[in-house]
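Step one of this worksheet: look at the structure below.
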Amino acid sequence: MIFFQMNKNLLLMKIHYFVGIGGYAPLIPFLPTMAKQRGYSSFIVGFIFALMPIPGMLAKVIFGSITDKYNCRRLVFVLSAILTSLLVLIMLLIPNTNTNEEIDDSDAIRSPLFWLFWTTVTLFATTATIKNVLEDTICMDLLGENKHQYGGQRLWGSIGYSLLAIASGLCVDWYSKEQEFKNDTPCFVIALICFILDIFVVSNIKVVQESPYTKRVSSDVKKLLTEVRILAFIVWVVLFGFFVSFIWNFLFWYLEDLSMLYHPETKSWIKTLQGLAILIQCFGGEVPSFFLSGYILKRVGHMNVFSVMFFVYALIFFLFSIIENPVYVLPVEILSGVAFALFYSGAISYADLLSPSGAEGTVQGVVGTALTGIGTPIGSFVGGYMFKMIGSIASFKILSVLVLITCIVQIIVNQMINRFSNNSNIKTTSSKGQPEVGIDFKL
């Protein structure tokens, strides 16, 4: 009984990750193909996903700072969960305009229905980014000195995401049987149920926020962001966001292209296949990688992990460029899950190690902005343009080369930083009094 009491808040955190992150699975990966079914071109979809994170980019930093300064993480956390549920309900009520014809880009942008769709999706993404920063900050605070166990908490988000993705795909295919277009209503219903449950979960999570946000803390953050190695770290996170956006926003589009070009017999169960891709990505790659991330980061080092993951993404994009059967994408998704989980865990844990005491939310907000506020929208816009002009397969060929170049540059830059840094071989101690594992840039 004592053991249960000691771990009650981490148990609630796991449940939150399961339903709170899992609730996005019926919507986020399917949104591009929902937009495609509305007649929007890949360029317009890229435009949507490029603009969508911009308010969230500002919100991450603003709300991260506000919650640090005014000690109100719990209040904002609960409100973001409530707003997320309301926005899903609004999306469910937006009329569908399904068509087999691709709408001219200029006509799409002039349509009031397009802007209603974009506004609702953007607000949904903004509340998601705020919640994302707060959940990771709160989780790190609850872990205390056991921050290496973050992956063990976050993996429950991958479990929920994968199970609900495949469930949503199955439900949509079943609900749309013998219909010309896929009916996505089950996606919205499943997401709404999850987010309503999440409101009750986050309302009961204990929020540990002890350190006051002072002017000194603010000064420490500004000083931190002027260090070359920190700026380099932020650049790697931006590039990670750029490349991963092609998978987040265009993987399902790519699967439908393969189905249409080479294997039309898969069209009737394409949503199930897409959900299965998420299931394999999460269970086969993300869950074990999140579980082992603390062990791997501690022994291999953050920057070395980043280098390997850039190489893995180069391999993933190359494999995408030569695959013709959409079913063969499934094993590649294991690599995708491994790459995302290790890079993301490394970025979150490294950001927490760097954070001055009391400014955890601010620093996590900066890193989150680099990932989903800068890297992802640029990748979304470029991806939409590339898919429209040269197609999905050629786009992935080019991407494989770009990621490989990024990997080589990242290794060279880190070696230069290590060589010319005055304290590159000295392990420092954080302002929280804990050894900063790997800050000798072995990292």
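The values are calculated or read from the model by the stated rules, or taken from the named source; none is laboratory data. None of the values given here were measured: they were computed from a predicted structure. Please note: Cβ atoms are built from the backbone with ideal geometry, for glycine as well, and neighbour counts cover all protein chains shown. With ligands, DNA and RNA removed, areas are computed over all heavy atoms of the protein, side chains included. Shrake-Rupley method; radii C 1.70, N 1.55, O 1.52, S 1.80 Å.
Scalar couplings 3J(HN,Hα) for the range 82-93, obtained by applying the Karplus form with A = 6.51, B = -1.76, C = 1.60 to θ = phi - 60°, are 5, 4, 4, 4, 4, 6, 5, 4, 5, 4, 4, 8 Hz; x denotes Gly and Pro. Based on protein heavy atoms only, the chain ends up with 42 Å² per residue of surface accessible to a 1.4 Å probe. Compared with the alpha-carbon gap, the fully stretched path from Val401 to Leu75 is longer by 112.8 nm at 0.36 nm per residue. A quarter of the convex hull surface defined by the alpha-carbon atoms of the range 144-188 gives 3.8 nm² as the mean projection. Computed from the C-beta positions of Met260 and Ile82, the FRET efficiency with R₀ = 35 Å rounds to 0.30. For the range 105-154, the gyration tensor built on C-alpha atoms gives a prolate shape. Its axis ratio a/c (a ≥ b ≥ c) is at least 1.5, and a/b is the larger of a/b and b/c.
In the chain, the portion of solvent-accessible area held by carbon and sulfur atoms comes to 68 percent [1.4 Å probe, whole percent, DNA, RNA and ligands not counted]. Summarising the label geometry, the points placed 7 Å from Cα in the beta-carbon direction at Trp174 and Ile94 lie 2.7 nm from one another. Placing a label point 7 Å from the Cα of Tyr295 along the Cα-to-Cβ direction, the residues of the range 144-180 whose backbone N falls under 18 Å from that point are 146-156. Backbone phi angles across the range 301-311, fed through the Karplus curve with coefficients 6.51, -1.76 and 1.60 (θ = phi - 60°), yield HN-Hα couplings of x, 4, 5, 5, 4, 4, 4, 4, 5, 4, 5 Hz in residue order; Gly and Pro are listed as x. Peptides 367-374, 141-148 ranked from most to least packed by the mean count of surrounding Cβ atoms within 10 Å: 367-374, 141-148. Taking the three principal axes of the alpha carbon atoms in the chain, the coordinate ranges are 62, 46, 44 Å, sorted in descending order.
Working from Cα pairs under 8 Å separated by at least six residues, relative contact order for the chain is 27 percent.
The C-alpha atoms of the chain define a longest principal axis, and helix 150-175 lies at about 10 degrees to it.
Under a 5 Å amide H cut-off, with hydrogens placed 1.01 Å from N, Gly39 pairs with Thr99 among residues at least 5 apart or on other chains. Remark: the range 283-299, residue by residue, has Karplus-estimated 3J(HN,Hα) of 6, x, x, 5, 4, x, 6, 4, 4, 9, 4, x, 5, 5, 5, 5, 9 Hz, where x stands for each Gly or Pro and the curve is 6.51 cos²θ - 1.76 cosθ + 1.60 at θ = phi - 60°. Aspartates and glutamates near Lys206 by alpha-carbon distance under 12 Å, same-chain residues fewer than 8 away left out - which ones? Straight-distance partners of Lys206: Glu135, Asp141. For a label point 7 angstrom out from the Cα of Val189 toward its Cβ, which stretches of the range 160-178 have the backbone nitrogen within less than 11 Å? Within reach of a label on Val189, which here means backbone N under 11 Å from a point 7 Å along Cα→Cβ, the range 160-178 contributes 171-172, 175-176. Structure note, pairs Lys69/Lys131; Lys131/Lys267; Lys60/Lys267: Cα-Cα distances above 28 angstrom occur for Lys131/Lys267; Lys60/Lys267.
Counting each pair of different Cα atoms once, what's the Kirkwood radius of the range 258-392 in Å, rounded to one decimal? Can you show the working numbers first?
Working: mean 1/r = 0.0595 Å⁻¹.
When all Cα pairs of the range 258-392 are included, the Kirkwood radius is 16.8 Å.
Rounded to the nearest 20, the size of the Cβ-charge dipole of the chain about its Cα centre is 1340 debye, with Lys and Arg at +1 and Asp and Glu at -1. Shape analysis of the range 62-144 based on the Cα gyration tensor places the equivalent ellipsoid semi-axes at 35, 12, 11 Å, largest first. Compared with the dominant Cα axis of the chain, that is its longest principal axis, helix 228-261 is turned about 20°.
Could you state the angle between the C-alpha long axis of helix 215-224 and the longest principal axis of the C-alpha atoms of the chain, as a value from 0 to 90 degrees rounded to the nearest 10? Helix 215-224 sits at roughly 70 degrees to that axis.
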